[in-house]
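> Here it is, the structure in full.
The values are calculated or read from the model by the stated rules, or taken from the named source; none is laboratory data. What you see is a predicted model; the values in this text were computed from it and never measured. Positions of Cβ are generated from backbone atoms using ideal geometry, with glycine treated the same way; all protein chains shown enter the neighbour counts. SASA here: full protein model, heavy atoms, side chains in, ligands and nucleic acids out. Shrake-Rupley method; radii C 1.70, N 1.55, O 1.52, S 1.80 Å.
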Amino acid sequence: LSAMREDGNPFRGLLYAGLMLTETGPRVVEFNCRFGDPESQVILPLTGGSLLHLMSVIAEGGSVSGETLPTRPGAALTTVLASGGYPSEYETGHAISIPPELGEDDDVLVFHAGTTMENGLLATTGGRVLAVTGLGETLDDAARVSRTAAGQIEFSGRQFRTDIGWRELTRQEPS
């Protein structure tokens with residue numbers, strides 16, 4: 001970022017830092033200048049407004065320095081539903097059943113990643129198939145909503161990723 005600024009091309013946009021907390025402090029795993037999947041699927045639902053204004057300012061070469069995006073109170077947690085065998089070899093083409101009432105629940109968002117429509121039916125096409133984000137007043141509430149909703153979605157070989165989001169919940173539990 002410093003080099004870009006020094007060259008007269010300051011960075012404008014969204015910068016996500018993927019961090020790993022270690023015994024010696026945080027370490028950068030990656031930087032992304034896009035909306036990453038599970039990361040944004042828990043951050044964006046907690047925004048209390050539209051990103052359109054900020055994106056327009058950036059696209060037109062302006063600065064968003066000093067701008068703020070309102071947030072809504074509460075917490076969000078995402079459960080990733082993956083194909084059997086993921087992250088190694090996995091099968092695709094399995095029919096997915098999502099109960100219609102999940103689409104009516106304001107505290108549940110289902111994000112599609114590895115899905116496709118085949119002959120009018122929703123089917124798996126990737127390793128990370130769906131991400132089910134639950135919203136709640138606390139992280140425990142959001143976790144319950146996410147896990148309950150994810151448990152209602154069915155496809156052959158479905159597995160719950162327990163390494164995304166759920167580690168934070170475990171970290172908060174008293175020892």
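> Does residue 143 qualify as being modelled with pLDDT under 95, surrounded by 16 or more Cβ atoms within 10 Å (Cβ to Cβ) and closer than 18 Å to residue 74 by Cα? Break it down stepwise before answering.
On the way: modelled with pLDDT under 95: yes; surrounded by 16 or more Cβ atoms within 10 Å (Cβ to Cβ): yes; closer than 18 Å to residue 74 by Cα: yes.
Considered against the rule, which asks whether it is modelled with pLDDT under 95, surrounded by 16 or more Cβ atoms within 10 Å (Cβ to Cβ) and closer than 18 Å to residue 74 by Cα, residue 143 comes out as yes.
> Name the pairs: first residue in segment 26-42 and closer than 13 Å to residue 113 by Cα, second residue at pLDDT below 75, Cβ to Cβ under 6 Å, at least 6 apart or on different chains?
38/164
> Moving on. For the condition over 25 Å from residue 47 (Cβ atoms) and either β-branched (Val, Ile, Thr) or modelled with pLDDT of 95 or more (or both), what is the one hit in 137, 91, 154, 118? Lay out the reasoning, then the answer.
Details: 137 fails: over 25 Å from residue 47 (Cβ atoms); 91 fails: either β-branched (Val, Ile, Thr) or modelled with pLDDT of 95 or more (or both); 118 fails: either β-branched (Val, Ile, Thr) or modelled with pLDDT of 95 or more (or both).
Exactly one residue qualifies, and that residue is 154.
> Another question, if that's okay. Run down 83, 97 and say which single residue is open to solvent by less than 90 Å² (accessible area, probe 1.4 Å), in contact with a His (Cβ under 8 Å, 6 or more places away or on another chain), at pLDDT 95 or above and on the phi < 0 side of the Ramachandran plot.
83
> A follow-up question, please. From 61, 49, 18, 13, which residue is surrounded by 11 or more Cβ atoms within 10 Å (Cβ to Cβ), more than 25 Å from residue 139 (Cα to Cα), of a type outside the set (Phe, Trp, Tyr) and out of contact with any Gly (no Cβ under 6 Å at 6 or more places or on another chain)?
On inspection, the qualifying residue turns out to be 13.
> Can you pull out every residue in segment 68-115 that is among the polar types (S, T, N, Q) and closer than 13 Å to residue 155 by Cα?
83, 92, 97, 115
> Out of curiosity, is residue 171 modelled with pLDDT of 95 or more and either open to solvent by 60 Å² or more (accessible area, probe 1.4 Å) or in contact with an Asp or Glu (Cβ under 8 Å, 6 or more places away or on another chain) (or both)?
Taking the combined requirement at face value, the residue does not satisfy it.
> Find all pairs meeting these conditions: Cβ atoms under 8 angstrom apart; at least six residues apart or on different chains; first residue within segment 86-103 and in contact (Cβ under 8 Å) with a residue 40 or more places away in the chain; second residue part of a helix (DSSP H, G or I) and open to solvent by 60 Å² or more (accessible area, probe 1.4 Å).
The qualifying pairs are 98/152; 99/152; 102/152.
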